[in-house]
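Everything on this sheet refers to the single structure shown next.
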Amino acid sequence: MYNHRKIEKKWQEYWLKNKTFKTHEDDNKPKYYVLDMFPYPSGQGLHVGHPEGYTATDIIARMKRMQGYNVLHPMGWDAFGLPAEQYAIKTNNHPGIFTNQNIDTFRKQIQSLGLSYDWDRELSTADPNYYKTTQYIFTLLYKKGLAEVREVDVNWCEELGTVLANEEIVMENGRMVSEVGGFPVVKRPMKQWVLKITEYADELLQVLEEIDWPEGIKEMQRNWIGKSIGASINFPVKDHDLTIEVFTTRADTLFGATYVVLAPEHPFVDKITTPDCKEQVDKYREESKAKTDLERTELNKEKTGVFTGAYAYHPITKELLPIWIADYVLISYGTGAVMAVPAHDQRDYEFAKKHNLPIKQVVEGDISKQAYVDDGIHINSDFLNGLHNQDAINKMIEYLETHNLGKKTIKYKLRDWVFSRQRYWGEPFPVIHWEDGTITVLEKDELPLVLPELSDYKPSKSIEGPLSKAKDWLEVTRADGVKGRRETNTMPQWAGSCWYYIGYILNKGNGEFLDIESEEAQKRLEKWLPVDLYIGGSEHAVGHLLYSRFWHKVLYDYGLVKCKEPFKRLFNQGMILGENNEKMSKSRGNVINPDDIVFSHGADSLRLYEMFMGPLEATKPWSTTGLDGARRFLERVWRLYVNEDNTLSEKIVDQENKALERVYHQTVKKVTEDYETLNFNTAIAQMMIFINEAYKAEYLPREYAEGFIKLLNPVAPHITEEIWEILGHDNTISYEPWPTYDEEKLKADLVEIAIQVNGKLRDRINIKVDATEEEVKQQVLSQERVQRHLEGKEIKKFIYVKGKIVNIVVG
């Protein structure tokens with residue numbers, strides 16, 4: 001009887017006790033580093049979506065060990081975050097208590113799935129021993145001029161008392177609210193720490209071509225970085241000593257500019273707005289604060305805006321152009337100002353139509369119903385007349401540069417990374433602000449700067465975070481008597497996840513981490529990086545994946561890592577939906593808890609089912625029937641190998657069986673290749689074919705029996721360890737050599753051919769692969785069904801296409 005609860009408990013205890021999957025640094029085998037995107041340990045625990053990606057990496061880790069690789073396969077916790085902070089605010093308990101309880105739950109759940117992690121490498125981003133290096137990397141960024149305090153527009157949530165990233169905001173009734181709690185969010189300018197990721201924009205873009213990532217993710221990063229080659233053009237403001245700089249990729253359409261639009265947040269708005277327009281401008285600016293950038297730039301949204309009362313001079317014609325503000329222009333992109341050419345830009349066209357602004361055509365084409373944006377002959381454009389777009393762009397930029405009216409410019413949509421959060425539960429900045437205006441970053445030997453205990457975790461509702469309440473920790477005095485204050489903001493949750501793949505390598509296994517600059521650390525980093533395979537969700541495309549690439553490039557420039565990119569191969573697993581084809585959620589009541597499945601069907605059944613559901617990257621609905629089918633397959637395997645009294649089946653013998661030779665070698669080949677390409681569903685289908693053939697066979701050679709168990713082991717490790725032991729082995733199967741196949745034995749002895757008489761199919765027969773045409777003819781003509789159709793007729797032609805078809809022409 002296959003008792004999954006007993007077997008799975010036995011082997012999980014064995015692996016932990018024997019540290020079966022511990023990675024040894026002194027092992028000189030070739031390395032393979034396979035990594036999961038580590039989870040945030042929420043109060044909900046694991047859901048069935050987690051095991052999908054984790055099982056995929058585990059299959060690869062287990063196969064690679066058997067193929068002779070030294071495998072690093074670790075797990076840890078992205079432990080800082082808002083939910084733990086909210087818990088602390090509500091209960092006044094330290095968020096670490098909540099976080100550690102959740103980590104214990106997650107660890108127990110993950111271990112129940114039989115995942116082959118090296119638990120000595122476990123880490124938590126909230127561990128001071130870990131975030132010591134997070135803080136040190138920040139000091140490196142600061143010393144390289146990549147971290148500075150700057151006033152920027154941020155998403156401010158009054159109720160949470162903190163700045164939120166765009167990813168932490170949702171839209172509700174056309175207004176921004178926090179994802180946690182649903183509290184109102186508005187835009188407001190604040191002094192924040194900013195990391196200059198834009199300094200690496202071009203490099204982040206170029207190296208995308210060299211990495212094995214899904215094209216969709218690469219395209220998302222390209223669009224997020226958003227490289228644009230164009231021109232900066234100067235528009236002087238009438239009656240003000242100010243010049244508006246606009247960025248455009250269509251300098252050729254400058255003669256068609258009929259008005260100028262500023263982002264509502266543009267610093268010139270206060271200076272140029274006339275008294276009679278001030279009220280409407282102020283009202284409009286206030287309304288735009290509650291909208292996300294995405295909502296503001298939606299193509300199909302109504303184009304709103306107001307006139308400032310001010311005018312700018314056209315740089316060439318000197319015509320007066322009205323200056324408007326509109327929320328479809330973002331302060332974060334380009335210069336926060338655009339020259340509006342309604343005849344040749346659709347948003348400008350819609351805006352001009354709505355507000356009765358002039359439309360001047362400068363490129364031939366139909367503009368009766370919409371803007372003409374394609375290539376064409378220039379008209380109404382003075383020295384550009386008769387030119388096509390690109391030639392006109394080049395000539396206009398040359399003219400602007402010659403007359404000091406503008407210049408060729410490259411802009412990026414990518415913005416510098418706002419790195420401050422007004423929260424308690426995050427890494428403290430290793431920084432002191434002195435009263436003389438200077439800033440000092442702590443030296444390595446002064447780190448970690450540990451979070452102080454607080455009596456109250458509530459937000460301060462000001463630009464200062466809760467750390468402003470820790471007076472003893474906050475205030476410091478220099479040797480020369482100058483007073484200073486530590487930074488009261490903390491780092492965002494992204495910080496710890498930017499380098500955690502390095503953290504696993506530096507982990508000494510005793511709660512401590514190697515100094516990243518030490519000789520031993522450098523030796524390890526050179527050995528293990530880059531990560532060979534990284535599996536996780538596509539939702540991190542332009543957050544974690546971009547930020548970690550940025551930090552890695554900074555470490556590369558410091559000489560601390562030797563490879564330019566952190567993740568060699570990336571794969572995104574698909575989502576698992578509920579049985580009703582809807583996303584799993586508590587409110588829908590369709591959440592599946594993996595603990596329940598492990599109890600009822602076993603971890604091996606869960607692993608096998610999730611890998612058999614369909615392609616790993618596809619979105620797939622959960623099916624209890626499918627889960628039952630996975631369990632039945634494992635029971636078939638068990639019965640083939642094991643008698644009722646748990647002894648080895650007499651069907652497994654030490655002799656050859658030619659009848660199974662070809663299907664066995666086919667199975668080894670297909671499973672090996674499909675595992676490598678992450679096509680686990682088709683690998684499992686092939687293993688099912690083999691088991692069907694094995695049941696039909698009189699006996700199963702031990703060589704094939706053991707080889708098959710090795711192939712199945714990465715998917716279903718518990719049942720295969722048990723069967724391996726029943727097969728008479730004392731050691732774990734985990735490091736046994738991976739099965740190999742013989743190309744010669746993949747070839748079929750027989751091949752099926754079709755027989756036609758006068759072009760009509762009359763029979764099918766099996767012939768020897770190497771049969772001569774004469775042998776084939778004899779065999780075909782001896783078939784009873786063929787003879788019936790030849791009776792009384794003369795064979796005019798006998799046509800044989802080798803290995804495929806025979807056509808007999810009769811008359």
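The values are calculated or read from the model by the stated rules, or taken from the named source; none is laboratory data. Since the model is a prediction, treat every value here as computed from it, not as a measurement. Methodologically, a virtual Cβ is constructed for each residue, glycine included, from the backbone with ideal geometry; neighbour enumeration extends over all protein chains shown. Side chains are part of the model used for accessible areas, which takes the heavy atoms of the whole protein and leaves out ligands, DNA and RNA. Shrake-Rupley method; radii C 1.70, N 1.55, O 1.52, S 1.80 Å.
Matching residues to (1) outside any strand (DSSP E or B); (2) touching a residue at least 40 places away in the same chain (Cβ under 8 Å); (3) open to solvent by 20 Å² or more (accessible area, probe 1.4 Å):
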| site | (1), (2), (3) |
| --- | --- |
| Asn731 | yes, no, yes |
| Tyr741 | yes, yes, yes |
| Ala748 | yes, yes, yes |
| Lys777 | yes, no, yes |
| Gln787 | yes, no, yes |
| Phe798 | no, no, yes |
| Asn807 | no, yes, yes |
Open item on the list: Would you confirm whether or not the range 277-285 contains a residue that is within 16 Å of Leu330 (Cα to Cα), out of contact with any Lys or Arg (no Cβ under 9 Å at 6 or more places or on another chain) and not aliphatic (A, V, I, L, M)?
Closed with: yes
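Condition check ((1) touching a strand residue (DSSP E or B) at 6+ places or on another chain (Cβ under 8 Å); (2) of a type in the set (Val, Ile, Thr); (3) free of Cβ contacts under 8 Å to residues at least 24 places away in the same chain; (4) not in a loop (DSSP other than H, G, I, E, B)) across all residues:
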{"position": "Ala352", "(1), (2), (3), (4)": "yes, no, no, yes"}
{"position": "Asn356", "(1), (2), (3), (4)": "no, no, yes, no"}
{"position": "Asp366", "(1), (2), (3), (4)": "no, no, yes, no"}
{"position": "Ala371", "(1), (2), (3), (4)": "no, no, no, no"}
{"position": "Gly386", "(1), (2), (3), (4)": "yes, no, yes, no"}
{"position": "Ala392", "(1), (2), (3), (4)": "yes, no, no, yes"}
{"position": "Glu398", "(1), (2), (3), (4)": "no, no, yes, yes"}
{"position": "Asn404", "(1), (2), (3), (4)": "no, no, yes, no"}
{"position": "Arg423", "(1), (2), (3), (4)": "yes, no, no, no"}
- [ ] Go through the range 68-103 residue by residue and tally those that are more than 25 Å from Asp58 (Cβ to Cβ) and among the aliphatic types (A, V, I, L, M).
- [x] 5
TODO: Would you mention how many residues in the range 750-774 are closer than 16 Å to Ile799 by Cβ and open to solvent by 40 Å² or more (accessible area, probe 1.4 Å)?
DONE: 9
Open item on the list: Pairs please, first residue from the range 127-155 and under 28 Å from Lys187 (Cβ atoms), second anywhere and assigned to a loop (DSSP other than H, G, I, E, B) and open to solvent by 10 Å² or more (accessible area, probe 1.4 Å), Cβ atoms under 7 Å, 6+ apart in sequence or on different chains.
Closed with: Leu146/Lys196; Asp153/Glu265; Asp153/Ile331
Open item on the list: Report every pair of residues separated by at least 6 positions or lying on different chains whose Cβ atoms are under 6 Å apart, first residue within the range 480-491 and among the acidic types (Asp, Glu), second in a strand (DSSP E or B) and open to solvent by less than 20 Å² (accessible area, probe 1.4 Å).
Closed with: Glu487/Val431
- [ ] State all residues of the range 490-510 that are open to solvent by 10 Å² or more (accessible area, probe 1.4 Å) and within 24 Å of Trp193 (Cα to Cα); if no residue qualifies, say none.
- [x] Gln493, Trp494
Open item on the list: I'd like the full set of residues that are part of a helix (DSSP H, G or I), over 14 Å from Lys108 (Cβ atoms) and free of Cβ contacts under 8 Å to residues at least 60 places away in the same chain, limited to the range 1-18.
Closed with: Lys6, Lys17
- [ ] Enumerate the helices (runs of 4 or more DSSP H) found wholly within the range 460-521, keeping only those where 1 or more residues are more than 28 Å from the chain's Cα centre (by Cα).
- [x] 471-474
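To keep it simple, each residue is scored yes or no on (1) part of a helix (DSSP H, G or I); (2) farther than 22 Å from Arg62 by Cα; (3) of a type in the set (Phe, Trp, Tyr).
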position	(1), (2), (3)
Lys108	yes, no, no
Tyr117	no, no, yes
Ala126	no, yes, no
Asn129	yes, yes, no
Thr134	yes, yes, no
Leu140	yes, yes, no
Gly145	no, yes, no
Val149	no, yes, no
Task: Within the range 773-811, tally of residues that are under 22 Å from Lys747 (Cα atoms) and of a type in the set (D, E, K, R) - done: 4
